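K.L.:
Structure in structure tokens, see below.
The values are calculated or read from the model by the stated rules, or taken from the named source; none is laboratory data. Since we're looking at a predicted model, the values are computed, not measured. Methodologically, a virtual Cβ is constructed for each residue, glycine included, from the backbone with ideal geometry; neighbour enumeration extends over all protein chains shown.
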């Protein structure tokens, strides 16, 4: 059977019909269709060069997540449709090297200076302790645009060293940057946290949070969501003590954020 290629306006009804008629496909990946649906709902879905492809027998070969996104968003989208693919051709579908959001943002000109570190820090600054399950590419770029100055300051001046520098730590510094007026002192906190050398008890908070974070290396807990949330709160608290010259010798559990976005200066946060 020859391949047939055409451009089609895929409505939610048509997408649902194709999905219900499908007899075999891979299991949906958690959050992917929802992420696509968010962009479709907000009118941010762009044209796709990858067709929705069907095998000779009518089963969907590629495009299941995009079709589900059309159903969930209730928004029709135009797609290239390819029909008549040989079933054995499915062996090599989606086996190429995918582009990252950084790749696509740079190539498209959306953000030519984007980096994975900037993406992760901006998301952590925006989400804080909420840790949203999914965020579309456009939503993640929105976070970068909104917190660009704070994140770049934190990335440039934030703590360095294995176990000390990650998205959550830098996000806590960025949150503090929004509210603390003395940037030199905030930079000093990061320096002491990096080196472990203080000039007295008034700088003990930076050493204490450093020791706390270094102690968790190798425990297998640094990547857990619960510990990330706890670390985010504790780093903010340590910064607050440092900025007030208050001694903090032992890191304890903290319930609330010291630097919530709700209190950030509107002059520094892009609306």
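K.L.:
Within segment 186-201, track down each residue that is surrounded by 14 or more Cβ atoms within 10 Å (Cβ to Cβ) and assigned to a helix (DSSP H, G or I).
P.N.:
Here is the first cut: in segment 186-201, the residues surrounded by 14 or more Cβ atoms within 10 Å (Cβ to Cβ) are 186-195, 198.
Once the filter is applied, which keeps residues that are surrounded by 14 or more Cβ atoms within 10 Å (Cβ to Cβ) and assigned to a helix (DSSP H, G or I), segment 186-201 yields 186, 187, 188, 189, 190, 191, 192, 193, 194, 195.
K.L.:
Also, I was wondering about something else. Looking at this structure, is residue 158 modelled with pLDDT under 90 and assigned by TED's automatic domain parsing to the domain that holds residue 108? Step through it out loud before you land on a result.
P.N.:
Working: modelled with pLDDT under 90: no; assigned by TED's automatic domain parsing to the domain that holds residue 108: yes.
Against the criterion (modelled with pLDDT under 90 and assigned by TED's automatic domain parsing to the domain that holds residue 108), residue 158 does not qualify.
K.L.:
Mind checking which residues of segment 66-111 are under 20 Å from residue 139 (Cα atoms), modelled with pLDDT under 90 and surrounded by fewer than 17 Cβ atoms within 10 Å (Cβ to Cβ)?
P.N.:
98, 99, 100, 102, 103, 104, 106, 107, 108, 109, 110, listed by residue number.
K.L.:
Return the total of residues in segment 19-50 being out of contact with any strand residue (DSSP E or B) (no Cβ under 9 Å at 6 or more places or on another chain), surrounded by fewer than 16 Cβ atoms within 10 Å (Cβ to Cβ) and closer than 22 Å to residue 136 by Cα.
P.N.:
Result for segment 19-50: 12.
K.L.:
For segment 9-18, indicate whether the set of residues that are in contact with a strand residue (DSSP E or B) (Cβ under 8 Å, 6 or more places away or on another chain), exposed (fewer than 14 other Cβ atoms within 10 Å of the Cβ) and outside the structural domain of residue 136 (by TED's automatic domain parsing) is non-empty.
P.N.:
yes
K.L.:
Among the numbered criteria (1) in a loop (DSSP other than H, G, I, E, B); (2) more than 20 Å from the chain's Cα centre (by Cα), which single criterion is violated by residue 165?
P.N.:
Single failed check for residue 165: (2).
K.L.:
Please go through (1) surrounded by fewer than 14 Cβ atoms within 10 Å (Cβ to Cβ); (2) over 23 Å from residue 150 (Cα atoms) for residue 212 and return the number of the only condition it doesn't satisfy.
P.N.:
(1)
K.L.:
Quick one: which of 204, 150 is surrounded by 14 or more Cβ atoms within 10 Å (Cβ to Cβ) and either in contact with a helix residue (DSSP H, G or I) (Cβ under 6 Å, 6 or more places away or on another chain) or at pLDDT below 95 (or both)?
P.N.:
Numbers: 204 fails: either in contact with a helix residue (DSSP H, G or I) (Cβ under 6 Å, 6 or more places away or on another chain) or at pLDDT below 95 (or both).
So the residue among 204, 150 that is surrounded by 14 or more Cβ atoms within 10 Å (Cβ to Cβ) and either in contact with a helix residue (DSSP H, G or I) (Cβ under 6 Å, 6 or more places away or on another chain) or at pLDDT below 95 (or both) is 150.
K.L.:
Within segment 210-231, is even one residue assigned to a loop (DSSP other than H, G, I, E, B), assigned by TED's automatic domain parsing to the domain that holds residue 124 and more than 28 Å from the chain's Cα centre (by Cα)? Before you say what the answer is, go through the steps one by one.
P.N.:
Step one: filter segment 210-231 for residues assigned to a loop (DSSP other than H, G, I, E, B), giving 216-224.
Right, trim to assigned by TED's automatic domain parsing to the domain that holds residue 124 and you get 216-224.
Still in the list and also more than 28 Å from the chain's Cα centre (by Cα): none.
The answer is no; no qualifying residue exists.
K.L.:
Among the numbered criteria (1) surrounded by fewer than 17 Cβ atoms within 10 Å (Cβ to Cβ); (2) in a strand (DSSP E or B), which single criterion is violated by residue 53?
P.N.:
Among (1) surrounded by fewer than 17 Cβ atoms within 10 Å (Cβ to Cβ); (2) in a strand (DSSP E or B), residue 53 violates only (1).
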